[in-house]
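Step one of this worksheet: look at the structure below.
The values are calculated or read from the model by the stated rules, or taken from the named source; none is laboratory data. Keep in mind that what you see is a predicted model, and the values were worked out from it rather than measured. Heads up, the Cβs are rebuilt from the backbone with ideal geometry, glycines too, and the neighbour counts pull from every protein chain shown.
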Amino acid sequence: MLIVSGGLMLALLTAGFVYEQVARLKAKRRPLPGRLVEMGGHRIHLTDSGAGGPTVVVIHGAGESCFSWVHVAREVASFARVVTYDRPGLGGSDPGPGPDATRSPAELHMLLAKAGLPGPYVLVGHSLGGVIARLYAIRYPDEVAGMVLVDSTHEFLKDDRSFRQSFAVIGLLLRVFRFCSAFGLPRFLGEVFGFFPMYPERRFFAQQVTRDEYRDWTGAVCRNLNGEAGLREFAAAMPILEEASRQMQSGAGGPQFGDMPLVVLTNPGNGEGWIEMQRELASRSANSIHRVSDRPGHNLQMVRPELVVEGIGHVVEQVRSWLLP
């Protein structure tokens, strides 16, 4: 009986391994949307669509990719130029240096220059991407004309014990998923049953995109689970928040970002404490709007894309009326 069970397990693992390797080969043969930009040792995947300034730049969350933004980018491209990209090792980008509070804004700055994408920019930062957006605005203030923060991580969370614990749990889950991905289990559950435990919003997303776009997104999720970049991103989150907290101390002279157009969009599912931190982010500009979604979900670009598009549109129109008469 033990021999039969062991043989069955070995057969399943072998089949899963073959299934995963075939899927990876097929994924490599599929052309990526957008282009790859040489960054000196690694290439960054970038998409660029639409026309008209200011240029909207989307900065995805930790361990994520630009593929979950395809629907929002398509809608924004109808009224402005919009750029999405993947940090090193995620989505369609080559492996490269991991994120930190200095490197990530500088890398984005270099990417925009090498890709020939002029400012002024409206930065759209989701989750950890919201921290990177704010760091970019502090480091390159003359380039940033507006911001949209989509359920952004707040620096105050560096001192939050439950947040640290949740990130530790996510890191553990990612290690388990990475081990299982060698045998095709996450891909099989996602592609066959539509089960991605870290993306409860996927059913809304599937209704917004084409079949090919959804396939590209599931492929990006599997690639992120296969590699080390997602683990590095979550491991780097706390050091980034520590450094961001030092850089973002508000001065006594008024809001940190003056009267820069700012929209803060919030997921209601994380409780009143989270919402209060989002209100604090909105207070960093004298010209801000704070909106709480009527539908819970951290990935608001998937669960409430129209709210995100509306927020981006509001900031773009303000920038145009002020800086691009």
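The rows are residues; the columns are (1) among the aliphatic types (A, V, I, L, M); (2) in contact with a helix residue (DSSP H, G or I) (Cβ under 6 Å, 6 or more places away or on another chain).
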{"position": "Glu272", "(1), (2)": "no, no"}
{"position": "Gln278", "(1), (2)": "no, no"}
{"position": "Ser285", "(1), (2)": "no, no"}
{"position": "Ile289", "(1), (2)": "yes, no"}
{"position": "Pro305", "(1), (2)": "no, yes"}
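Among the residues of segment 34-48, which ones are surrounded by fewer than 17 Cβ atoms within 10 Å (Cβ to Cβ), charged (D, E, K, R) and within 10 Å of Tyr85 (Cα to Cα)?
Matches in segment 34-48: Arg35 only.
Checking the condition of a type outside the set (Ser, Thr, Tyr) and closer than 24 Å to Tyr199 by Cβ, which residue from Leu117, Leu90 passes?
Details: Leu117 fails: closer than 24 Å to Tyr199 by Cβ.
Result: Leu90 is the single residue among Leu117, Leu90 that is of a type outside the set (Ser, Thr, Tyr) and closer than 24 Å to Tyr199 by Cβ.
Within segment 136-154, take every residue that is of a type in the set (A, V, I, L, M) and surrounded by 24 or more Cβ atoms within 10 Å (Cβ to Cβ) and give me the one that is nearest to the chain's Cα centre (by Cα). So that I can check it myself, show each step before the final result.
Taking segment 136-154 and keeping what is of a type in the set (A, V, I, L, M), we get 137-138, 144-145, 147-150.
After this cut, where a residue has to be surrounded by 24 or more Cβ atoms within 10 Å (Cβ to Cβ) as well, the list is 137, 145, 147-150.
Numbers: Ala137: 17, Ala145: 20, Met147: 15, Val148: 13, Leu149: 11, Val150: 10 Å.
Only one residue fits best here, namely Val150.
Would it be correct to say that Leu231 is under 16 Å from the mean Cα position of the chain (by Cα), without any contact (Cβ under 8 Å) to a residue 60 or more places away in the chain and assigned to a helix (DSSP H, G or I)? Spell out how you get there, then give the answer.
Values: under 16 Å from the mean Cα position of the chain (by Cα): yes; without any contact (Cβ under 8 Å) to a residue 60 or more places away in the chain: no; assigned to a helix (DSSP H, G or I): yes.
Here the answer is no, as Leu231 does not meet what is asked.
Which residues, taken from segment 261-274, are surrounded by fewer than 16 Cβ atoms within 10 Å (Cβ to Cβ) and either under 14 Å from Thr153 (Cβ atoms) or of a type in the set (Val, Ile, Thr) (or both)?
Answer for segment 261-274, where residues must be surrounded by fewer than 16 Cβ atoms within 10 Å (Cβ to Cβ) and either under 14 Å from Thr153 (Cβ atoms) or of a type in the set (Val, Ile, Thr) (or both): Asn270, Gly273.
Kindly evaluate Gly258 against the criterion of being modelled with pLDDT under 80 and surrounded by fewer than 17 Cβ atoms within 10 Å (Cβ to Cβ).
On the way: modelled with pLDDT under 80: no; surrounded by fewer than 17 Cβ atoms within 10 Å (Cβ to Cβ): yes.
Judged against the criteria, Gly258 is not a match.
Give me a count of the residues in segment 263-294 that are outside any helix (DSSP H, G or I) and either of a type in the set (A, V, I, L, M, F, W, C) or under 19 Å from the mean Cα position of the chain (by Cα) (or both).
Taking segment 263-294 as the starting set, the residues that turn out to be outside any helix (DSSP H, G or I) are 263-267, 271, 283-294.
Filter again for either of a type in the set (A, V, I, L, M, F, W, C) or under 19 Å from the mean Cα position of the chain (by Cα) (or both), leaving 263-267, 286, 289, 292-293.
Number satisfying all stated conditions: 9.
Could you tell me whether Gln318 is over 22 Å from the mean Cα position of the chain (by Cα) and either crowded, with 17+ Cβ neighbours inside 10 Å or at pLDDT 95 or above (or both)? If you could, list the steps in order and put the result at the bottom.
Values: over 22 Å from the mean Cα position of the chain (by Cα): yes; either crowded, with 17+ Cβ neighbours inside 10 Å or at pLDDT 95 or above (or both): yes.
Here the answer is yes, as Gln318 does meet what is asked.
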